[in-house]
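See below for the structure under consideration.
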Amino acid sequence: MNRVRQLLVATSLLTATVVLAASPASPASPASVADAATSPAPAALGFDLDAATIPDLQEWMNRGTLTSVRLTAAYLRRIHDVDDRVRSVVAVNQRALAEAAASDARRRSGRVLGALDGIPVLLKDNIDTVAMPTTAGSRALRDSRPQRDAFQVTRLRAAGAVILGKANLSEWANFRSTKPTSGWSAVGGQTTNPHVLDRSPCGSSSGSAAAVAASLTQVAIGSETDGSIVCPAGMTGVAGHKPSLGLVSRTGVVPISAEQDTTGPIARHVVDLAITLSALRARDPDDPATHAVPDHQPTDYARALDPNAVRGARIGMWRLPALGPEVDAVMTSAVNRLRTSGATVVEVSLPFQEELAADEMPALLTEFRRDVNAYLATRRGGPRTLADLIAYNRSDPAERTCFPGQELFEMAEAAPRPDDPEYQARRARLSELSRRSIDETLRSTGWTPSSRRQIHPRGESTVCGATTTSSRPPRPPPWPAIPTPPCPPASWDRFPWACRSSRAGGRTPRCSRSRRRSSGSLPHGALPGSSPTCRRRTDRLIVSWLIVSCRVGAARFPRVGGSRRGPAAPPAGARTPRRAGRGR
């Protein structure tokens, strides 16, 4: 947490000038990032920060009962107060309050840029930013800077989002060693699971998911090659969406493989995912995959959300006995809830899993060397090739404090080149069999989405250096172009537990808004004195997280739960709190 404390203490004179000029004088509006560390606690905002959705926040800012500066300061204060135990944030944007003040000024002049204007967003530390370091968790990249912001960062800024900072990750997105520790990087240390502080948050988007779960940001951006969004989202009990390949640009993101990499949002509420995805989705001249996405994609995914999507849906249940009877009981309970809500659940088994598992890693090794060399060439200074990274890791003892190996780096350096016929055959098989696995299951059962387990809740990975007793359950490699949002239908062994939903055809899903609960005591080991942290409201809408529908039409997301509590004094009848592996 030392890095974050130093950044919080540092005062930007420019930030202070902009905030004082653009914001109404108010004791609740700090003038700098340093002041935010001593500003009123989030509870002083007058609403439950954990439960508030982006539409809630926009409504209150439009009323004038909330400002982006106050909201951003509340998150900065919470990072200062809480993150020394979660260790999810590696850098705070020193201009965050200035960006928030600019948003407030736009709002006062009637120039709001959209639903993300003024909303704090945290970026995984493998997404390029000029103003902050982008390290992929590696000390080798500390003194090397990107020459421009990632394309998706420019999209977020164009939508008015406040870039809050950078989130820790599993170093090199879990693609350095064959025996890594999820959530650990030499730059950020070990990120913990906010629910149970001695357990794994999964990875590699560990900090992104943990920060959202601990209410340190409204939204975070993660990246995924094979489970790196959906695994930590499920393990920390939040919502994460892995978009179809090409829906979101990868330009300016530290790569593993252009054939599988994608980035996507993580949030506490599905409506926030939809709003963020709408801002991120765009064609990028430098990313050919974005031009292969069909033209009919919607521009506003939130309009397509439907809390009744589960009714009449046909859902596939893929049972994996290796996960154990306790997990199977959780899934059976979720199935019963789905059926009660009007869904039909069908038992399925997806073919070609052994063939897919055999081909994936050899293909990724070839693609990693190709893509990381191309990426490093875009940066100023620092290592220029994978061979340079290997040499650096051998020379820096800090890179070997948690796990000594860099077997995947070394295997990638020796892997066949992209023009090798054997590699090309492997990648072709992966693409064909992954699609056939879905399509043949659809044809044989007549169901629409597929639901599969993603996380073993016993994963203990604990902290760096501890003996792990976790076992990685069998699961298939990722399906190219298939969006996969996880949903936590229940908890077990102090963890939220998630399944994964997928939709054939590469089209983007429609999900329902989630709700979270804020009453009751926290699980053992969770953050003391922070009751809104990591809580989940349970109601009939949560089951529709399992539904992935490609129907996009005139359906609008309804206001849920009657009157809503905002920063102003709540009116009569206001809403009250309800009862309570590893990826790459």
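Taking the mean number of other Cβ atoms within 10 Å as a proxy for protection, how do you rank 322-333, 54-65, 150-161 from highest to lowest?
150-161, 54-65, 322-333
Tell me which residues come under 5 Å, amide H to amide H, from W184 once H is placed; ignore anything under 5 positions away on its chain.
E171, T191
Per the 1.4 Å probe, what fraction of the accessible area of region 207-334, in percent, lies on carbon and sulfur atoms?
Roughly 56 percent, rounded to a whole number.
Zone of R400 (label point 7 Å along Cα→Cβ, backbone N under 16 Å): which residues in region 123-143?
Once the point is set 7 Å along Cα→Cβ of R400, 139-140 turn out to lie under 16 Å by backbone N, inside region 123-143.
Sort the following peptides by mean Cβ neighbour count (other Cβ atoms within 10 Å, averaged over residues), highest first: 163-173, 295-305, 413-423.
Order by mean packing, descending: 163-173, 295-305, 413-423.
With a 1.4 Å probe and all protein chains left in place, how much accessible area per residue does region 357-415 have, in Å²?
40
Which whole-number value in Å² is the accessible area per residue of region 142-281, probe 1.4 Å?
Per residue, region 142-281 has 15 Å² of solvent-accessible surface.
From Cα pairs below 8 angstrom and at least 6 apart in sequence, can you work out the relative contact order of region 70-170, rounded to a whole percent?
Normalised by residue count, the contact order of region 70-170 is 39 percent.
Taking 7 Å along the Cα-to-C-beta vector as the label spot, tell me the R417-H291 distance in nanometres, rounded to one decimal.
The answer from the label model is 2.6 nm.
Over region 83-122, average the accessible area per residue using a 1.4 Å probe and give it in Å², no decimals.
That works out to 31 Å² per residue.
What order do you get for 92-103, 334-345 when each peptide is scored by the mean count of other beta carbon atoms within 10 Å, highest first?
Going from most to least packed, we get 92-103, 334-345.
Give, rounded to the nearest 20 debye, the magnitude of the charge dipole that region 112-176 has about its Cα centre when Lys and Arg contribute +1 at Cβ and Asp and Glu contribute -1 at Cβ.
So the magnitude is around 140 debye.
The values are calculated or read from the model by the stated rules, or taken from the named source; none is laboratory data. Not measured: the values here are computed from a predicted model. Every residue, glycine as well, gets a Cβ built from its backbone with ideal geometry; the counts of neighbours run over all protein chains shown. To get the accessible areas, we keep the full protein, side chains included, count just its heavy atoms, and leave off ligands, DNA and RNA. Shrake-Rupley method; radii C 1.70, N 1.55, O 1.52, S 1.80 Å.
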